[in-house]
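Data first, discussion second: the structure below is written as structure tokens.
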Amino acid sequence: MEEKTSNRRFISLKLKWAFGTAVGSLIIFFIVAMAMFSSFTQSLFNQERDLLNQGMTNISRQLGRINQPLTKKNISNVIDPDDGQVAVGSQYQRPIIQELSDGHLIVNIYDRKHQPILSTGKSITKPTFTNQRRVRMMRGAAHKVIVGQQPIYSQRGHRRIGYLQVENKLNVYYRNYNQLRIVVILAMCLVVLASGLLGYFLSLLFLRPLGEIHDTVKVISKDPTKNVRVPVPNHNDELAELTTMFNEMLDRMQRYIDQQSQFVSDVSHELRTPIAIIQGHLDMLERWGKDDPEVLNDSIKASLIETKRMKNLVQEMLDLSRAEQVDINFRNQRTVVNDVVHQVFNNFKMLYPDFHFTLDDDLDEPITANIYRDHLEQVLVILCDNAVKYSTERKEVHISLSRGMNTVEIGIQDFGEGIPATDIDKVFDRFYRVDKARSRKKGGNGLGLSIAKRLIEGYHGSITLESSLGAGSLFRIILPIVEDPEAL
Ligand code: ADP
């Protein structure tokens with residue numbers, strides 16, 4: 001992307017997406033892994049503590065059976081009985097020799113005077129001789145250890161006969177803990193890498209249409225007349241919608257550009273004739289007509305006619321461009337249609353006494369439409385003007401007013417020259433005249449019907465035409481009715 005609008009650094013969406021998915025899955029994985037890790041290691045730790053507690057209970061109970069102060073001799077009898085029988089307190093108890101030889105535990109037994117009498121390994125912590133059983137976590141050389149201390153009581157008489165200290169170095173626990181930690185870290189790296197790559201490739205796939213839009217915009221911005229469009233993806237999703245909308249927007253833009261250049265060329269073409277006529281007259285006057293009052297008079301008259309035509313043309317072009325914005329500027333205007341139609345009918349009757357105007361009003365109540373009064377009047381004047389202009393022998397104009405379901409319909413019919421079927425759609429185009437020369441003679445610029453159509457369509461109505469050559473034309477305006485004129 002060479003042309004950047006801001007000086008902020010360009011970071012590809014694909015990278016952001018990949019980064020987002022990687023971070024997202026890292027967080028989720030971290031939370032899940034931490035929960036599993038801590039519950040697993042906690043249960044491992046509980047096992048180790050239970051092992052120590054069981055060992056202490058077992059040893060103290062079995063030594064308690066000696067029932068006299070512990071000595072090296074009497075405990076060795078219990079640990080390794082002469083009769084070859086394994087000292088078993090109950091069928092659920094482990095033989096004491098097993099407790100002592102358990103590699104996990106370091107057992108230290110002391111006599112009543114705190115002198116060591118048996119040790120299965122080097123004690124990590126200093127013994128403390130307490131009256132109660134105490135199990136604590138203590139700091140060892142490499143890591144923490146669990147230390148259990150308790151006095152040993154004789155089973156009979158319940159006298160203190162010695163002390164016991166059992167330590168669990170937690171080697172197994174820490175070995176498992178470390179292994180699990182490595183597995184979790186490796187899995188985490190794998191998840192981050194895999195989800196990042198997945199995110200990147202998915203975004204590559206999904207964002208392909210964006211790349212195509214980008215390329216199209218680039219081409220269009222270089223040359224707006226280029227007819228390029230973005231290929232619409234096969235799958236129906238947001239990007240396919242966006243692409244379609246984007247292409248439609250380009251079509252519309254293209255249409256506007258075409259219309260604009262067409263308009264400019266039409267306008268210059270339309271202005272060329274009156275300007276040429278005025279210039280011709282002025283040339284003539286300059287050369288030899290200045291002193292000839294008749295030529296002077298004719299030229300001034302002709303030039304005035306053309307100036308008036310140009311003034312009308314400019315006014316009509318202004319009306320046309322305003323008509324395109326009625327939807328924005330006159331959205332909430334209300335007009336009682338009956339009043340305007342009656343007014344225009346009366347005006348025309350008065351203006352053209354040689355014409356026979358009839359009004360067929362089927363409405364039995366005032367009907368309000370969402371249109372600016374002056375605009376409705378302007379449309380009716382354009383249509384009635386045309387009816388008069390293009391009438392031939394039969395000087396009759398018939399106006400009708402009726403109601404549809406939710407619409408009001410105004411018909412303007414004449415019995416004049418009519419419009420050929422091939423021109424019926426075209427007469428609403430700008431500057432279109434069926435017979436250019438004849439229409440010009442009648443003062444027409446070919447803008448009236450396009451103004452009328454744009455105005456009516458701007459108010460969500462429609463204008464249609466039925467006509468046959470030599471028999472006359474019927475223009476029909478349909479406008480939506482406003483049921484509640486008070487409400488805006
Ligand atoms: P103009 O100013 O030339 O009348 P319009 O846009 O009003 O422009 O009309 C376009 C063309 O449609 C006219 O030039 C004329 O040929 C044709 N036309 C419009 N109204 C009628 C009609 N009532 N009868 C016959 N032809 C019509």
Between the Cα axis of helix 13-64 and the main Cα principal axis of the chain, the angle (0 to 90°, nearest 10) is 20
Filter the trypsin sites (Lys or Arg not before Pro) in the range 380-488 down to the DSSP loop ones having no more than 16 other Cβ atoms within 10 Å, then list what survives. Arg394, Lys395, Lys442
Charge tally for neighbours of Ser154 with beta carbon under 10 Å away, counting Lys, Arg as +1 and Asp, Glu as -1, is +4
Taking the Cα-to-Cβ direction at Thr225 and at Asp354 and moving 7 Å from each Cα, how far apart do the two end points lie in nm? 4.9
Once R0 is set to 25 Å, what does the formula 1/(1 + (r/R0)^6) return for the Cβ-Cβ distance between Met249 and Lys426, expressed as a FRET efficiency to the nearest 0.05? 0.40
For Lys122, list the aspartates and glutamates whose Cα falls under 15 Å from its own Cα; do not include residues on the same chain fewer than 8 positions away. Asp102, Glu167
Just the C-alpha atoms of the chain: what Rg/Rh do they give, with Rh taken as the Kirkwood radius? 1.53
Environment charge at Ile424 (Cβ cut-off 13 Å; Lys +1, Arg +1, Asp -1, Glu -1): -1
Magnitude of the Cβ-charge dipole of the range 328-384, K/R +1 and D/E -1, about the Cα centre, nearest 20 debye? 340
Dividing the helical contributions, -39500 (n - 2.57) per DSSP H run of n ≥ 4, by the residues of the chain yields a 222 nm value, nearest 500 deg cm²/dmol, of -17500 deg cm²/dmol
Can you give the net charge of the other residues whose Cβ lies under 10 Å from the Cβ of Met137, counting K and R as +1 and D and E as -1? +4
Dipole of the range 238-302, Cα-centred, from +1 at each Lys and Arg C-beta and -1 at each Asp and Glu C-beta, to the nearest 20 debye? 160
With every protein chain present, what is the per residue accessible area of the chain (1.4 Å probe, Å²)? 60
Using only the alpha-carbon atoms, how far is helix 373-389 inclined from the longest principal axis of the chain? Give it as 0 to 90 degrees, nearest 10. 40
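In the chain, once you exclude exposed chymotrypsin sites (Phe, Trp or Tyr not before Pro) (DSSP loop, at most 13 other Cβ within 10 angstrom), what's the longest stretch remaining?
It runs 93-488.
In whole percent, and with a 1.4 Å probe on the protein chains, what portion of the accessible area of the chain is carbon and sulfur? Write down the numbers at each step before the final one.
Values: 16410 of 29310 Å².
Result for the chain: 56 percent of the exposed heavy-atom area is carbon or sulfur.
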Using each residue's phi in the range 167-175, evaluate 6.51 cos²θ - 1.76 cosθ + 1.60 at θ = phi - 60° and report the 3J(HN,Hα) Karplus result to the nearest Hz, with x for Gly and Pro. 10, 10, 6, 6, 4, 5, 4, 5, 4
Taking the 0 to 90 degree range and rounding to the nearest ten, how far is the long axis of helix 448-458 tilted relative to the main principal axis of the chain, both from C-alpha atoms? 30
DSSP loop (so not H, G, I, E, B), at most 15 other Cβ within 10 Å: list which trypsin sites (Lys or Arg not before Pro) in the range 21-76 pass both filters. Arg65
Over the chain, what is the mean sequence separation of C-alpha contacts under 8 Å (at least six apart), divided by residue count, expressed as relative contact order in percent? 10
Express in whole angstrom the spacing between the alpha-carbon centres of the range 161-210 and the range 217-291. 65
Along the range 263-277, Karplus-curve 3J(HN,Hα) (6.51, -1.76, 1.60; θ = phi - 60°) to the nearest Hz, with x for Gly and Pro, reads 4, 4, 5, 4, 4, 5, 5, 5, 7, 4, 4, x, 5, 4, 5
Along the Cα-to-Cβ line of Val23, 7 Å from the Cα, sits a label point; which residues in the range 184-211 have backbone N less than 19 Å from it? 188-204
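The values are calculated or read from the model by the stated rules, or taken from the named source; none is laboratory data. Since the structure is predicted, the reported quantities are computational estimates derived from the model, not experimental observations. Reconstructed Cβ throughout: ideal geometry from the backbone, glycine too, with neighbour counts over all protein chains shown. What goes into the accessible areas is simple: the full protein's heavy atoms, side chains included, and nothing from ligands, DNA or RNA. Shrake-Rupley method; radii C 1.70, N 1.55, O 1.52, S 1.80 Å.
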